[in-house]
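Undergrad: Quick one: the structure is below, questions incoming.
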Amino acid sequence: MSSWNSDVDLSGKNSLGFKVTAERYLQVDSIESLRIALYEVEQNNWPLLILGGGSNLVLKDYLPGAVISVATQGVHVLVDNESEAIVEVGAGENWHGFVGQLLQMGLHGLENLALIPGNVGAAPVQNIGAYGVELADCFHSLTAYDRKSGELVQLSKEQCQFGYRDSIFKSKEPGRYIIWQVRFSLSSVFQPNLSYKGLQEYLSSIGVREPNAHDVYKAVCEIRQSKLPTPSEIGNAGSFFENPVVPEAEYHRIKQDYPSLVAYPDRESHYKLAAGWLIDQAGWKGHCSGSVGVYDKQALVLVNHGGGSCTELLDLAKEIQDSVLDKFGVSLQMEPRVYPV
Ligand SMILES: Cc1cc2nc3c(=O)[nH]c(=O)nc-3n(C[C@H](O)[C@H](O)[C@H](O)COP(=O)(O)OP(=O)(O)OC[C@H]3O[C@@H](n4cnc5c(N)ncnc54)[C@H](O)[C@@H]3O)c2cc1C
């Protein structure tokens, strides 16, 4: 039998800062304890949430069933030669802490993903991305517990089926795998990725022409801190909507009516529209609706000013989706997962 904790307050474990109670909560740090806990979950038919840092979830007031948090720790270099270093990291490690540790170790590739909240185990779920880099760029493989077979399995990059804010864990097989350890393929030679214009401009503005890894890491942290609210100060879940990807013809249609449209070429004959721009143009930036609202420095971020609830936030999100659809004919999809559905 596992030592589940009952009626656990998760207010400090979701970045929106909602008051949430879990019927049962357990932190696991060994496969044996995970197996036992899952056996009980299955025997009792409890709904199950795997919780990381709670920074990509919109949680309702009460979570019936079970919540399990994976606490696997450790960063280990498996291979280190001139061409490549493979590093394995526990799913329970803090993502930003891991990125900082790699920087100290002189292993490169993830600098642009600094300061993203949450744990390593959740990072592959939506293939986290920022400033021109996504997790898939440096991903090697992972170890996960497969609830279907009851076995630990190794999944390659191809098997994870990464896409824009997507993977097998998010859309194709949600709930099947519990990520335990993740391996990254990194390099001891630093090659800056400055494909994101804002990052390059920021570095130029502070007089850095040939940035090293520390410069990029620091610049990413500084830009993020100036644009995004810190969850411990203002509750939020980062970008609340995905940037919609539309066919070229639709992009031209909108661009004709709104020449200042912010968009980037995406996969063949498609454009990725800046959701923040669409929301801003629809007049939502800085809007308050009771205790929740739209962040005044970045319209893509919905916030809880304190005392807000999931229902209030989802009502606001729906109003925003309707107004963007009405104005631009574009449908916005929520990025964080709502639980329970
Ligand atoms: C201020 C702020 C900025 C952000 N910026 C970015 C950004 O730039 N780019 C970006 O991509 N995201 C961003 N995010 C979103 C979020 O930080 C990431 O998606 C992060 O990876 C979520 O990690 P977490 O541990 O908090 O996951 P959680 O929110 O706890 O969980 C997210 C999902 O992953 C599942 N999950 C968690 N752990 C595991 C596991 N071990 N095995 C299987 N499934 C698991 C959960 O069940 C859930 O479905 C931001 C969020 C905030 C609050």
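The values are calculated or read from the model by the stated rules, or taken from the named source; none is laboratory data. If you're wondering where the values come from, they're calculated on a predicted model, not measured in any experiment. Glycine gets a Cβ as well: all are built from the backbone with ideal geometry, and neighbour counts include every protein chain shown. Protein only, heavy atoms only, side chains kept; ligands, DNA and RNA dropped before computing areas. Shrake-Rupley method; radii C 1.70, N 1.55, O 1.52, S 1.80 Å.
Undergrad: Contact order normalised by length for the chain, with contacts defined as Cα pairs under 8 Å and 6 or more residues apart; what percent is it?
TA: Taking the mean separation of contacting Cα pairs over the length of the chain, I get 16 percent.
Undergrad: Please work out the FRET efficiency for the pair Ser232 and Glu23, using the Cβ-Cβ distance as r and a Förster radius of 22 Å; give the result to the nearest 0.05.
TA: The formula returns an efficiency of 0.25 here.
Undergrad: Let me ask another. Express in nm, to one decimal, how much length is gained between Ser269 and Leu152 on full extension, taking 0.36 nm for each residue of separation and deducting their alpha carbon distance.
TA: Full extension from Ser269 to Leu152 adds 38.1 nm.
Undergrad: Taking the square root of 5 times each eigenvalue of the Cα gyration tensor, what semi-axes in Å does the equivalent ellipsoid of the stretch 5-70 have, largest first?
TA: 20, 13, 9
Undergrad: Give me the extension gain from Glu210 to Ile31: residue separation times 0.36 nm, minus the current Cα-Cα distance, reported in nm with one decimal.
TA: Separation in residues times 0.36 nm, less the Cα-Cα distance, equals 59.9 nm.
Undergrad: So, with +1 on the Cβ of K and R and -1 on the Cβ of D and E, and no other charges, what is the size of the charge dipole of the chain about its Cα centre, to the nearest 20 debye?
TA: Dipole size: approximately 340 debye.
Undergrad: Using every alpha carbon pair in the stretch 21-169, what percent of pairs falls into each 10 Å bin from 0 up to the bin containing the largest distance?
TA: Percent of Cα pairs in each bin: 10, 38, 36, 14, 2, 0.
Undergrad: Rounded to whole Å and sorted largest first, what semi-axes of the equivalent ellipsoid does the C-alpha gyration tensor of the stretch 227-320 yield via the square root of 5 times each eigenvalue?
TA: 28, 13, 11
Undergrad: Counting alpha carbon pairs within less than 8 Å and at least 6 residues apart, what relative contact order, in whole percent, applies to the stretch 5-70?
TA: Computed value for the stretch 5-70: 43 percent relative contact order.
Undergrad: For Arg337 and Lys318 in the same chain, what is the full-extension length gain: residue separation times 0.36 nm, less their Cα-Cα distance, in nm?
TA: Going from the current span to full extension adds 5.4 nm.
Undergrad: What relative contact order, as a whole-number percentage, does the stretch 24-146 give when Cα pairs under 8 Å and 6 or more residues apart are counted?
TA: Worked out over the stretch 24-146, it gives 20 percent.
Undergrad: Follow-up. Could you tell me which of the pairs Lys272/Lys297; Lys60/Lys318; Lys148/Lys172; Lys19/Lys172; Lys197/Lys272 are separated by over 19 angstrom between their Cα atoms in the structure shown?
TA: Checking Cα-Cα distances, Lys272/Lys297; Lys19/Lys172 exceed 19 Å.
Undergrad: Under a point spin-label approximation (7 Å from Cα along Cα-to-Cβ), what is the Tyr39-His96 distance to one decimal in nm?
TA: 4.0 nm
Undergrad: A follow-up question, please. Ignoring everything except DSSP H segments at least 4 long, calculate the 222 nm mean residue ellipticity for the chain; use -39,500 (n - 2.57) per segment, divide by total residues, nearest 500.
TA: -8000 deg cm²/dmol
Undergrad: Also, I was wondering about something else. Which whole-number value in Å² is the accessible area per residue of the chain, probe 1.4 Å?
TA: On a per-residue basis, 47 Å².
Undergrad: Restricting things to Cα coordinates, could you compute the convex hull volume per residue of the stretch 80-161 in Å³?
TA: Expressed per residue, the convex hull around the Cα atoms of the stretch 80-161 is 107 Å³.
Undergrad: Let me ask you something else. Using Cα centres only, tell me the gap between the stretch 170-230 and the stretch 33-108 in whole Å.
TA: Cα centroid to Cα centroid, the span is 20 Å.
Undergrad: What Rg and what Dmax come out for the chain when only alpha-carbon atoms are used, in angstroms?
TA: In Å, with Rg to one decimal and Dmax whole: 20.5, 63.
Undergrad: Where the convex hull is taken over the Cα atoms of the stretch 73-126, what is its projected area averaged over directions, in nm²?
TA: 3.7 nm²
Undergrad: Roll a 1.4 angstrom probe over the protein heavy atoms and tell me the percent of accessible area of the chain that is carbon or sulfur.
TA: Roughly 47 percent of what the probe reaches on the chain is carbon or sulfur.
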